[in-house]
Every structure is written in C-alpha cells, then in structure tokens.
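S.K.: Below are the structure tokens for one structure; questions will follow.
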Amino acid sequence: MKCIIISGLTLVLSACILSSCRKLVEVDGPTTSVSSKNVYNNDATAIGAITSLYVNLSNGGSVNQTELSGLSGVAGVSADELNYYAGAGDQTLAVYYQNALSSLNVGNDFWGTVYQRLYVVNAALEGLESSSRITPVVKQHLIGEAYFMRAFYYFYLVNLYGDVPLVLSTDYTVNAVIKRTPKSLVYGQIVTDLMVAQSLLGSGYLKGDGITEYSPGSEERVRPNKWAATAMLARTYFFMGRWTDAEAAATLVLSNHLSFQLESLENVFLKNNPEALWQLQPTKVGFNTQEAQWFVIPIEGPGASNPVYLSNDLLDDFETGDRRKDSWIGSVNANGTVYYYPYKYKVKRSSIADAPVTEYSTVIRLAELYLIRAESRAELGKLSDAISDVDQIRKRAGLSLIRDINPNINREDLVRLIQKEQRIELFTEWGHRWLDLKRTGKVDEVMAKVTPKKSNGGIWKSYQQYYPISSFELQSNPSLTQIVGY
C-alpha cells in the first residue's frame, strides 16, 4: 500500500488553495510532514493537518477514481445509475462502467489514496495524543475528528474491497507486511472509532480556531461534529444488520429538531441548510461543487469534462408525479439525443471570481437517517413507525403516503419499498446505490441484467462487486492477497 511504504506525507497547502478556502481553513496548513512532532506543537498547524483531509475530498471530483468524493460518479457507473459516454476518452472510467476491472487496469484508485489519507489520520492521532502544547479543547476536538475520519475511510474501504488491512499506526515495520483483516473486525473498529468520536466531539459546529462555535443559524457545517459521528454510526450499524442499534442512533439525530430538519427539494444541497449534517466547502475560486462541474451536461452534450449521464434503469424507477425527478434531474438534447443528468447541484463555475458560493457538496444529510430508521424499524417489525418515517420522504417528493394507500403492507413489501426510496432519494450521492446493492444482497440479481447491456454482452461475476487491488499494491506488500476471482 502506498501509505505503508512512505516514511512521511508532506502536507503543503498552496497559497491559492488557502486564499480560495480561507473560511474553511482560516489557519495556515502545516508545511512539513504530518509525522513531524512540530505539526502538533500549536493549534494552527494541527488544525491545518486535519483540514487537509476535507480539502482533498472537496477537490477530488465526482468521477475521479482516487478521492472518495469520486464515488458519486465512479460507483454510479459501476452500478446501474449512470451511463458512461464512450466518446469521453476515459479508459479507466470505461472499465469501471463495463465491470471489467483487473489488477492491471484499475490505475490510481481509491485504495492507494485512502491509505495515504489514513496515514495522515494515524499520524495525527499519534501526534495529538502525545502533544502537550495544543489548547485542550482544540486537542479534544481534533482527536475526535481524526477518529471520525478513520471510521469514515474504513467504512468505504470495507464496502469497496471487502477484507482490507486494518492499519492503526504509522509503524512501517508492521504496516509494510500487514495482511487483509476480516470484514467483521474492520466493522468493529469502525464502531469503536465512531463511539470515541461521539464522546469527544461537541454538538455545535466549530469555527476555524477549533474553539468557537457558530451561533445558531449561521453555522458552516464543514467540520464533523457529534451529530455527524452519530449519523455515521447509524449507517454503520445499518450495514452490519444491527437494526436496534441503527434505529437508536438514527433517532438521536432525528430528535434534534433544533439543529436538523428536512428541507424543500430546491434547498437540500444549498450550503449550510438545516438538512445537512456534514458538507464540503468548495476550495477553488469561482467554483461551487465538483458535482455540478462533472454532472451538469452542456448544450453540446456529454464529453471529456462531462462523461456520464443517467441510466434508463434509474429514470424508470421514478414514480409518476415524483417531484424529485423535476427538481433533481436535468436534460439536454444534443444532436437529436436526449441526455438526462443529475441536477441536484446546479451552479457550475462562475465567470466572476468573487461570485458568492451557494452550494456545498453534502456528505451526510438527514433524509438518509429517516430511511435508515425506516428500514431498521421494518426489519424489527415496527411497521407503523417505519411507514411514518418513509412517508416523511414521500411527502416531500409529492407522492402518495403509504399510510393512506397501503397501511396494511407486509414487512417484505415495505422493506422493498423503502429500499426503492433509498435508490431514488440518494442517487449519485457518494456511491449509495453501489453499496446498497451489496448490503441488500441484490447485487448479483441486478448486475447480471445490467452488465451485458453495459459491456456488449459481458457476463457479470459475483466477485466483481468488489474492486480489485492493483498490481502495484500487491507488489509493494508481499503479505497482501488479491480479492478472490481477480
């Protein structure tokens, strides 16, 4: 793994990045390796080390195959959400789309980048916990953020690759020969880290000094807090099938009506809206979100800068009258072909350098918690409560409520309906569909039908639900084994 064989990771935030995301950073980032103790000798550079993780996610791009923010596009083409435009010329994205990945063609991928980020996290935890020169409240919060981010990265690693090496330190002698850890143990570590993060993080959103909370209504929701950790814990329990725990964690967040509430469809992806639990602030002058840059197709049609568009499989799953289809999907007619594209984020690059930023990329939002609790309650036999939760999402979408049209629905049908709502509500957001196909055990059924259409008759194989480990990573660590099948 790339992070294992390096002795230090240099974190230099250039002047242009700092000036374009000053509100996010508000302090200069470290100008030395994060393994250096000097980074954790003052508040400013320590805050900058953790902030670099968020900056990298924000800059990653929505079809980028390295930063996890790229899952919105990459996992979308792997599944049945997005089509890849053949004329775009991105051969790596094409093999993700065709479900034809191998250790040789995967290129620079999520694995290598995420383990580099984990090195930063582990170095931060070691540096912060041994430091005596950081303001105690700043130290506590930064350690909480680091534990949150480690859990966040491992959640995606284990869902993208299955069993993965559980790297919890910067000790090269251990990490250089570490083996893949069973998925169940990785999930156990994710839960542990999130519970620690929960206990350390505050309920409010902090300013760049790491101490001062924003006043209610003025929050920049760009650093994880206790509620983001609780939401991530609910998601983790949900994926583990721990329904009672998932329901309880989701309820903690959903009960906080002062901080969070469902927004109108038009406002869900605006910056700092009350549905958002954690967002990424844009860091480039003149830009809003990477999602708008990559997903919104210009009048001339898709191409290298906009290589994906929505699949008919997704479009056909919308119910008649669903307002999300009108509000969150755009279209363009290019040379007689109509292309539909994700339009959750609407503002592309502005020609005015200091134009106001109105949209932030949303990582975790309240609607997901309603759907997590709905399905968990359905699995627990609490059908009336589950209906109440999913109806919150359907009401906003302008759809008939289950309590009115089918109040006596059985558990199996209700679970299927909730999972369909998850597909529609969370499309092209951080790989939800790709991960949910695996979580629900439907990946083989769905992809056996989809893959031949995407790859000129190619045959889906079950092991393809996990991405392969690149040949570079296998050569770097002799103890690392390939996912069976590749």
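The values are calculated or read from the model by the stated rules, or taken from the named source; none is laboratory data. These figures come from a predicted structure and were not determined experimentally. Note: ideal-geometry Cβ built from the backbone for every residue, glycine included; neighbour counts use all protein chains shown. Areas reflect the complete protein model, heavy atoms only, side chains present, ligands, DNA and RNA absent. Shrake-Rupley method; radii C 1.70, N 1.55, O 1.52, S 1.80 Å.
S.K.: Based on what the data block shows, is TRP430 of a type in the set (Phe, Trp, Tyr), buried (at least 18 other Cβ atoms within 10 Å of the Cβ) and at positive phi?
M.R.: It is true that TRP430 is of a type in the set (Phe, Trp, Tyr), buried (at least 18 other Cβ atoms within 10 Å of the Cβ) and at positive phi.
S.K.: Pull up segment 437-482, narrow it to residues that are small (Gly, Ala, Ser), touching a residue at least 40 places away in the same chain (Cβ under 8 Å) and in contact with a helix residue (DSSP H, G or I) (Cβ under 6 Å, 6 or more places away or on another chain), then point me to the one that is farthest from ASP317 (Cα to Cα).
M.R.: Here the answer is SER476.
S.K.: Being farther than 20 Å from ASN267 by Cβ, hydroxyl-bearing (Ser, Thr, Tyr) and in contact with a Gly (Cβ under 9 Å, 6 or more places away or on another chain): is that true of TYR339 here?
M.R.: For TYR339, the condition - farther than 20 Å from ASN267 by Cβ, hydroxyl-bearing (Ser, Thr, Tyr) and in contact with a Gly (Cβ under 9 Å, 6 or more places away or on another chain) - is met.
S.K.: Could you look through segment 42-68, keep only residues that are under 30 Å from TYR84 (Cα atoms) and in contact with a Pro (Cβ under 7 Å, 6 or more places away or on another chain), and pick out the one that is surrounded by the most Cβ atoms within 10 Å (Cβ to Cβ)?
M.R.: Checked segment 42-68; the qualifying residue surrounded by the most Cβ atoms within 10 Å (Cβ to Cβ) is VAL63.
S.K.: Do any helices (runs of 4 or more DSSP H) entirely within segment 318-421 hold 1 or more residues that are among the hydroxyl-bearing types (Ser, Thr, Tyr), at pLDDT 95 or above and open to solvent by 20 Å² or more (accessible area, probe 1.4 Å), and if so, which?
M.R.: 366-379, 383-396
S.K.: Taking segment 172-186, which residues are small (Gly, Ala, Ser) and within 18 Å of ARG242 (Cα to Cα)?
M.R.: SER184
S.K.: In segment 162-184, which residues are touching a strand residue (DSSP E or B) at 6+ places or on another chain (Cβ under 9 Å), among the basic types (Lys, Arg) and assigned to a loop (DSSP other than H, G, I, E, B)?
M.R.: Within segment 162-184, just ARG180 meets the criteria.
S.K.: Within segment 266-290, how many residues are touching a residue at least 12 places away in the same chain (Cβ under 8 Å), open to solvent by 10 Å² or more (accessible area, probe 1.4 Å) and outside any loop (DSSP other than H, G, I, E, B)?
M.R.: So the answer is 3.
S.K.: Can you tell me how many residues in segment 299-317 are of a type in the set (Ser, Thr, Tyr) and assigned to a loop (DSSP other than H, G, I, E, B)?
M.R.: 2
S.K.: Further question: Check GLU247, GLU219 and return the single one that is open to solvent by less than 40 Å² (accessible area, probe 1.4 Å), touching a residue at least 12 places away in the same chain (Cβ under 8 Å), outside any helix (DSSP H, G or I) and of a type in the set (D, E, K, R).
M.R.: GLU219
S.K.: So which of ASP444, ASP391, ASP436 ends up being over 27 Å from ALA75 (Cβ atoms) and either of a type in the set (D, E, K, R) or touching a Cys at 6+ places or on another chain (Cβ under 9 Å) (or both)?
M.R.: Within the list ASP444, ASP391, ASP436, the selection yields ASP391.
S.K.: Can you spot a residue in segment 109-119 that is open to solvent by less than 20 Å² (accessible area, probe 1.4 Å), within 23 Å of THR289 (Cα to Cα), of a type in the set (Asp, Glu) and modelled with pLDDT of 95 or more?
M.R.: Checked segment 109-119: no residue is open to solvent by less than 20 Å² (accessible area, probe 1.4 Å), within 23 Å of THR289 (Cα to Cα), of a type in the set (Asp, Glu) and modelled with pLDDT of 95 or more.
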